1. Write down Rg/Rh for the chain, rounded to two decimals, with Rg from the C-alpha atoms and Rh from the Kirkwood relation over Cα pairs.
2. Using alpha-carbon pairs under 8 Å, 6+ residues apart, how would you state the relative contact order of region 70-166 in percent?
3. Can you run phi through the Karplus equation (6.51, -1.76, 1.60; θ = phi - 60°) for region 129-146 and list ³J(HN,Hα) in whole Hz, with x for Gly and Pro?
4. Share of the chain's accessible area from carbon and sulfur, percent, 1.4 Å?
5. So if I place +1 on the C-beta of Lys and Arg and -1 on the C-beta of Asp and Glu, and nothing else carries charge, what would the dipole magnitude of the chain be about its Cα centre? I want it in debye, nearest 20.
6. Using a 10 angstrom cutoff on alpha carbons, build the Gaussian network for the chain and name the most mobile of MET160, MET59, MET199.
7. Could you check what % of the DSSP bridge pairs in region 118-240 are antiparallel, to the nearest 5?
8. Accessible area per residue for region 123-233 in Å², computed with a 1.4 Å probe and the full protein assembly in place, what is it?
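The values are calculated or read from the model by the stated rules, or taken from the named source; none is laboratory data. Keep in mind that what you see is a predicted model, and the values were worked out from it rather than measured. Quick reminder, even Gly has a Cβ in these numbers, built from the backbone with ideal geometry, and neighbours come from all protein chains shown. Note: accessible area is taken over every heavy atom of the protein model, side chains too, but ligands, DNA and RNA are not part of it. Shrake-Rupley method; radii C 1.70, N 1.55, O 1.52, S 1.80 Å.
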Amino acid sequence: MKAMIFAAGRGERMRPLTDSCPKPLLKVRGRPLITWHVLNLVRAGITEIVINHSHLGHMIEEELGDGSRYGARIVYSHEPTPLETAGGIANALHLLGDEPFLAVSGDIYAPYFDFSLALDALKDIDAVGVPYPVDKRDIAWLWLTPNPWHNPHGDFALDMYTLKNDGPPKWNFAGIGVYRAEMFDGIEAGEFLKFGPLMRKFIEAGRVGGEIYQGQWVNVGTVGQLEELNAPLRAAKSAS
């Protein structure tokens, strides 16, 4: 399985830090956010990684290189202007291939997430070995979290392991999912397209599964959040 890390966002809420540093390179506990993902992907046996970038993207390439020092093989999908999530995936499909792939937001901090869970997330056969009809099988699998302060009403409901657009309780989308390439059929490379409407269409068709992740997870969206995450590190350094 290949993985894609989203790193093309401008990080407006993190300014002025992101005026001179792409958001995924901001450090949490001594390590860039994006590097946490690379290391955890490799630990799970997922070593082929695609990273899209735009704003100050050359700095991401300089930091991570070809990935060899992490045991990975990293390639890059440059976007002259950010294409949003669905557009960014469609633009990188030639690098991701035809098999299901994992995708994760580059600005979340989830140091204990086990990416090996993604390897069996999308099933082609049922429990007794009967193939699912191609047009009925899950096209995506998402991880959800308890709702954070910045998204108190959540994004999606969950009925057993099937996502729903409506119905309480709603959970927060963690920015981690597995997708089939066919989900992005008809989207042109370079096309700007948001993720939400596309995902909700397939949820309405009953073709998106998911589960709850209860481990540490932070969408690092403000300077205050970054400082809070790094506070224990600063305190330890001061004590020493």
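1. 0.96
2. Relative contact order comes out at 12 percent.
3. Those phi angles translate into x, 8, x, 6, x, 4, 8, 10, 5, 4, 9, 7, 9, 10, 9, 10, 10, x Hz.
4. 53 percent
5. It works out to roughly 780 debye.
6. With Cα springs under 10 Å in the chain, the top fluctuation among MET160, MET59, MET199 is at MET160.
7. 70 percent
8. Values: 5900 Å² over 111 residues.
Value returned for region 123-233: 53 Å² of accessible area per residue.
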